[in-house]
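Working notes, structure below.
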Amino acid sequence: MRAAQQLMKVYVSRRLPPEGHKLLAQAGNCNVQQWDSDDPVPRAELLKGVAGAHGLLCLLSDKIDKEVLETAGPNLKVISTLSVGFDHLEMDEIKKRGIKVGYTPDVLTEATAELSVALLLATCRRLPEAMQEVKNGGWKSWSPMWMCGYGLSNSTVGIIGLGRIGLAIAQRLRPFGVKKFLYTGRKPRPERASEVDAEYISCDKLAQESDFVIVSCSLTPETEGLCNKDFFGRMKKTSVFINISRGSAVNQEDLYQALTSGQIAAAGLDVTTPEPLPINHPLLNLKNCVILPHIGSATYSTRNTMSILAVNNLLKGLAGEEMPSELKI
C-alpha cells in the first residue's frame with residue numbers, strides 16, 4: 001500500500017502550454033519540479049532537477065545524453081518529449097537502461113504542413129523582400145519584371161521524406177496546379193505516394209528535376225548533411241529550396257554558396273544549425289533566403305494538444321500502462 005502511495009518525482013524542463021500544465025497539476029501521485037521559464041533550462045539546472053527523477057518531460061532543445069541519464073539514476077523509467085523529433089535523445093543509452101520514451105507525432109502534422117506551404121510561397125514569391133521595398137521606399141511604380149518570383153502552376157515539386165508531414169504538404173500544394181510530385185527516402189511509400197501521384201526517384205534525380213525541393217525527412221546519420229554542395233550543384237538555377245525538417249540535414253555553408261553564386265534561386269528555412277541562428281550569420285544578410293524561428297507547429301491548438309499528449313505519455317508510462325504514443329526503440 002505504501003508503494004502505491006509513494007510520490008514519484010517528475011522533472012519538467014520548460015514551462016508547459018496551459019492545457020498540459022493543467023493536466024500535470026492534477027496528477028496526485030507526482031511530485032512535479034519544473035524549470036518555470038520559456039527559455040531553455042541551463043545544463044546545470046537540468047542535471048540538478050533530473051537527479052532521482054522517475055519521469056522526465058523534455059523538449060528538443062534539451063540534450064538527454066549519458067550524463068543526464070547517469071545523473072537521474074535508476075529511478076528514471078519514462079522520458080516524454082514534447083516533439084515528434086527525437087534526435088536530442090541518446091537512444092542507445094536510453095534503450096540500454098530500459099527507459100520508455102513517449103513523443104508527439106501526428107498532432108503537429110497539419111500545422112507544420114500549413115507553415116511549410118506558407119514558407120514556400122513567401123520564398124518563391126519574395127514576400128519578405130517585397131515588404132521591405134514598401135517600407136524602405138524601393139516601391140517606385142509598377143514595372144513588368146520588378147519583384148518577379150516563381151509560381152507553382154505546372155511545376156515539379158520534390159519532397160525528401162514522404163512521411164506524414166511530407167504527404168500533408170503535397171496534399172496542400174496540389175490545388176496550386178503542381179504538375180508533378182517526386183519524392184525520395186529510405187524506401188518507396190506506394191500507398192502514400194498514390195494519394196498525390198508522386199513518383200519515387202533517387203535523391204540526385206530529385207535535385208535535378210525539381211523546381212521546388214522540400215526537405216521533410218527525419219534527421220538520421222543518413223540524412224545529416226544530405227543537402228550539400230553536390231546536391232545544390234545538381235539543382236536548377238531557378239529552383240527554390242525549403243527545409244522544415246532539421247537544420248543539420250543541410251550544410252549551411254554550401255547553401256550560402258549556392259545562394260550567393262546563383263546556383264539556386266532562393267531558400268526558405270524554418271530550421272537551422274544552431275538554433276537560434278546568430279544574428280550575424282551570413283545567411284541572414286541574403287535577400288533570397290527566408291528564415292523563420294522553427295515555428296512549424298506554432299498554433300495555439302497544436303501546442304496545447306502536444307502538451308496534453310506529452311503529459312499523458314509521461315503519466316501512463318509511470319503507471320506502467322500503455323502510452324498513447326510510445327516510441328518503439
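The values are calculated or read from the model by the stated rules, or taken from the named source; none is laboratory data. In this text the structure is predicted, and so the values were computed from the model without any measurement. Every residue, glycine as well, gets a Cβ built from its backbone with ideal geometry; the counts of neighbours run over all protein chains shown. The area values use the complete protein model at the heavy-atom level, side chains included, leaving out ligands, DNA and RNA. Shrake-Rupley method; radii C 1.70, N 1.55, O 1.52, S 1.80 Å.
Data table
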item	result
Whole-number accessible area per residue in Å² for the chain, which is evaluated in the context of all protein chains at 1.4 Å	50
Dipole magnitude (debye, nearest 20) for the range 79-177, charges at Cβ of Lys, Arg, Asp, Glu	160
Accessible surface, 1.4 Å probe, highest first, among residues R14, R174	R174, R14
Fraction in percent of alpha-carbon pairs per bin - 10 Å, the range 5-144	10, 32, 24, 13, 11, 6, 2, 0
Cα-based shape type of the range 172-247, given that a ≥ b ≥ c are square roots of the gyration tensor eigenvalues and the cut on a/c is 1.5	oblate
Cα gyration tensor shape for the range 260-329, rounded if a/c is under 1.5, else prolate or oblate	prolate
Prolate/oblate/rounded label for the range 34-96 (Cα gyration tensor, a/c 1.5)	oblate
Förster radius 35 Å - calculated FRET efficiency between E224 and Y300 (Cβ-Cβ, nearest 0.05)	0.60
Surface accessible to a 1.4 Å probe, K48 within the full protein complex, Å²	140
Label point distance in nm, Q257-N75, each placed 7 Å from Cα along Cα→Cβ	5.1
In nm, spacing of pseudo-spin labels at Q132 and K205 (7 Å Cα→C-beta vector)	3.9
Kyte-Doolittle mean at least 0.0 and Cα axial length at least 15 Å: DSSP H helices in the chain	109-124, 300-318
Estimated [θ] at 222 nm from DSSP helical runs (n ≥ 4, -39500 (n - 2.57)) normalised by residues in the chain, nearest 500	-10000 deg cm²/dmol
Equivalent ellipsoid, the range 117-259 (semi-axes from 5 times Cα gyration tensor eigenvalues, Å)	28, 18, 13
Karplus-derived HN-Hα couplings along the range 59-72 (A = 6.51, B = -1.76, C = 1.60, θ = phi - 60°), whole Hz, x at Gly and Pro	10, 4, 7, 9, 7, 9, 10, 4, 4, 5, 5, 5, 5, 5
Distant-in-sequence amide H partners of S239 (H built 1.01 Å from N, under 5 Å)	A265
The range 179-329, dipole about Cα centre (Lys/Arg Cβ +1, Asp/Glu Cβ -1), debye to the nearest 20	300
Distance in nm between pseudo-label sites at H281 and R43 (7 Å out along the Cβ direction from Cα)	2.0
Percentage relative contact order, the range 146-219, counting C-alpha pairs under 8 Å, at least six apart	43
Residues N29 and R186, FRET efficiency given R0 of 41 Å [Cβ-Cβ distance, rounded to 0.05]	0.50
Of K140/K287; K187/K316; K229/K328, pairs whose Cα-Cα distance is over 25 Å	K187/K316; K229/K328
Whole-angstrom gap from the range 205-239 to the range 67-113, using each part's C-alpha centre	28
Structure-derived Cα extents along the principal axes in Å: which label, when the choices are [x] 59, 38, 36; [y] 68, 46, 32; [z] 78, 47, 32	[z]
The chain - percent relative contact order, Cα under 8 Å, separation 6 or more	19
Förster radius 41 Å - calculated FRET efficiency between S61 and M145, Cβ distance, rounded to 0.05	0.45
